[in-house]
1. Can you say whether Tyr73 is open to solvent by less than 10 Å² (accessible area, probe 1.4 Å), over 22 Å from Lys134 (Cβ atoms) and among the hydroxyl-bearing types (Ser, Thr, Tyr), as far as the supplied structure shows?
2. Filter region 1-58 down to the residues that are at pLDDT 80 or above and part of a loop (DSSP other than H, G, I, E, B), then identify the one that is farthest from Ala337 (Cα to Cα).
3. Residue check, Ala510 against (1) modelled with pLDDT of 75 or more; (2) open to solvent by 50 Å² or more (accessible area, probe 1.4 Å); (3) within 25 Å of Leu392 (Cβ to Cβ), all met but one. Which one?
4. Residues that are part of a loop (DSSP other than H, G, I, E, B), aliphatic (A, V, I, L, M) and more than 30 Å from Glu469 (Cβ to Cβ): does region 335-354 have at least one?
5. Only residues in region 121-138 that are open to solvent by 50 Å² or more (accessible area, probe 1.4 Å) count as the first member; pair them with residues that are part of a strand (DSSP E or B) and not charged (D, E, K, R), Cβ under 8 angstrom, at least 6 apart or cross-chain, and list the lot.
6. Please list, ordered by first then second residue, the pairs with beta carbon atoms under 6 Å, 6 or more apart or interchain, first in region 354-378 and farther than 18 Å from Leu252 by Cα, second open to solvent by 40 Å² or more (accessible area, probe 1.4 Å).
7. Would you tally the residues in region 426-471 being within 30 Å of Leu515 (Cα to Cα) and either open to solvent by 70 Å² or more (accessible area, probe 1.4 Å) or part of a helix (DSSP H, G or I) (or both)?
8. Can you confirm whether Gln160 is under 24 Å from Thr87 (Cβ atoms) and outside any helix (DSSP H, G or I)?
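The values are calculated or read from the model by the stated rules, or taken from the named source; none is laboratory data. A quick note: this is a predicted structure, and the numbers were derived from the prediction, not measured. Virtual Cβ from ideal backbone geometry, glycine too; neighbours counted across all protein chains shown. Protein only, heavy atoms only, side chains kept; ligands, DNA and RNA dropped before computing areas. Shrake-Rupley method; radii C 1.70, N 1.55, O 1.52, S 1.80 Å.
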Amino acid sequence: MDALSGAGPRRARGRPGARSSGVRAPAAPWARFSAWLECVCVVTFDLELGQALELVYPSDFRLTDKEKSSICYLSFPDSHSGCLGDTQFSFRIRQCGGQRSPWHDDRHYDTGAPVSLQREPAHYFGYVYFRQVKDSSVKRGYFQKSLVLVSRLPFVRLFQALLSLIAPEYFDKLAPCLEAVCNEIDQWPAPMPGQTLNLPVMGVVLQVRIPSRVDKPESSAPKQCGHENLLPAPVVLSSVHELDLFSCLHPLKFCCDYRPYFTIHDSEFREFTTRTQAPPNVVLGVTNPFFIKMLQHWPHILRVGEPRMSGDLPKQVKLKKPSRLKTLDTKPGLYTAYTAHLHRDKALLKRLLKQGLQKKRPSDMQTALLRRHLLELTQSFIIPLEHYMASLMPLQKSIMPWKTPPQIRPFRQDDFLCSLEHAGPQLTCILKGDWLGLYRRFFKSPHFDGWYRQRHKEMVQKLEALHLEAICEAVRGLRGKQNIEAWMKDKSEVEIVDLVLKLREKLVWAQGHQLPVKEATLQRAQLYIETIIGSLPKDLQAVLCPP
């Protein structure tokens, strides 16, 4: 498979009479199911149509024609390997047909989940289990079918484990089995960050812990707590989203587009392969050698071949200049125009390749070693940014209850770079290199913009919460109608009404955005509003509290 950074499709067949409105019917009974999955699709090979959508379940879920086509072509391997047996992989596609209203409340999940694991508002993930076996009863001589789970959650590990349970059974028993499984999923508890959940399906209990944004790094796998009497014993998944880290990792939220699997039939093919502009900010996972020729102008191409088990550093993982990528039979390796800013950690490479591969150290131990290294490296890079960002927050003592809260100071890149001399990554990381150059490159990337926007949003919410708490603290001394009336004496009715309206607006905003404010604080603010309104003339009360 090749990973690259930077003929029209055949018509896909949907269910008869299906509309392409892109929304579920109003009274959908699948509220719990939809907290995990959008739908389940079955894609088969039709001699006349090619890949065709055989089934969508629940049947009231509507996909647009463009989404159907994308799912069909991404659900079969795009290569000439003729692989027999079962294959699992995943893809990611754009949602088409405009914004769709969620069938469940995403706010509780997204508020508590790490940014990289929040639901995708504009993309679907597809998790595929493809089977190709010889079958003389089929005209083409082969049984070819894919079972696809469509979700907005990037839970690769969980959904692959789920597919490995239900797909073999479905290929044997077909539709009745699928309906039973969907009904079981519809009984699952909603995914809640920080909680360990038991998810029963087909006589097996999958036990998973949904990560929380307040988790400490490298949180342990879910522990069986209070469920020891479950029969059968739960199958404990160490993670809902992480695969073998010896192969992949994303320590920061990737803020550009990415497609774990991409084919020439994809609706964005022309957009991504045009030569009339610079290569787009996208990572493509492909298996068709055609892309090597088509995208030779891209700055980064990674060709992955069969793994080697020798103890020495394999030549194919060394960096190569893209100018050497001339033919379709190029050797595996990373071809890149990028010049690294940091030196290699030769000690780590030695431990992974010589001590690990030569001595056949288990993959999970290799993964743990690599995870620890990348985590520490990422923390060394991010901590100075976090410290500088925190310094932009107004002091709590400057937040006055009856004044608009002060603004967060702007992020000045030059000021940050000057701070690195005394508070830079060199304090926690032994790797040498051009750290300043690395930060400057990071500032130009969409990933910095994504990180900054998220941190700034969190700081604004914290500022609003502190302001609301300051207001509530200020009115603590106004308990009782007499005190409030004394406070109101030197204020005009216009000022008082304006204050009530602003307080109401703050309460609605705090509740709607789930600000980190104690419930008791919100209740005090509401009581304060009611007391003020009760002290006003009847005509103003009627305006502020209409029947």
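1. Details: open to solvent by less than 10 Å² (accessible area, probe 1.4 Å): yes; over 22 Å from Lys134 (Cβ atoms): yes; among the hydroxyl-bearing types (Ser, Thr, Tyr): yes.
When the stated conditions are applied, Tyr73 passes them.
2. Pro58
3. (2)
4. Taking region 335-354 as the starting set, the residues that turn out to be part of a loop (DSSP other than H, G, I, E, B) are 337-341, 343-345.
Next, only the ones that are aliphatic (A, V, I, L, M) stay: 337, 340.
After this cut, where a residue has to be more than 30 Å from Glu469 (Cβ to Cβ) as well, the list is 337, 340.
Within region 335-354 (the criterion being part of a loop (DSSP other than H, G, I, E, B), aliphatic (A, V, I, L, M) and more than 30 Å from Glu469 (Cβ to Cβ)), the answer is yes, since at least one residue qualifies.
5. Matching pairs, first to second residue: Val133/Gly85; Val133/Tyr142; Val133/Phe143; Lys134/Tyr142; Lys134/Phe143.
6. Pairs found: Leu357/Met309; Ser363/Asp244; Ser363/Phe246; Gln366/Phe246.
7. Narrowing region 426-471 to residues within 30 Å of Leu515 (Cα to Cα): 442-443, 445-471.
Of the ones still in play, those that are also either open to solvent by 70 Å² or more (accessible area, probe 1.4 Å) or part of a helix (DSSP H, G or I) (or both) are 442-443, 446-471.
Qualifying residue count for the region: 28.
8. Spelling it out, it is not the case that Gln160 is under 24 Å from Thr87 (Cβ atoms) and outside any helix (DSSP H, G or I).
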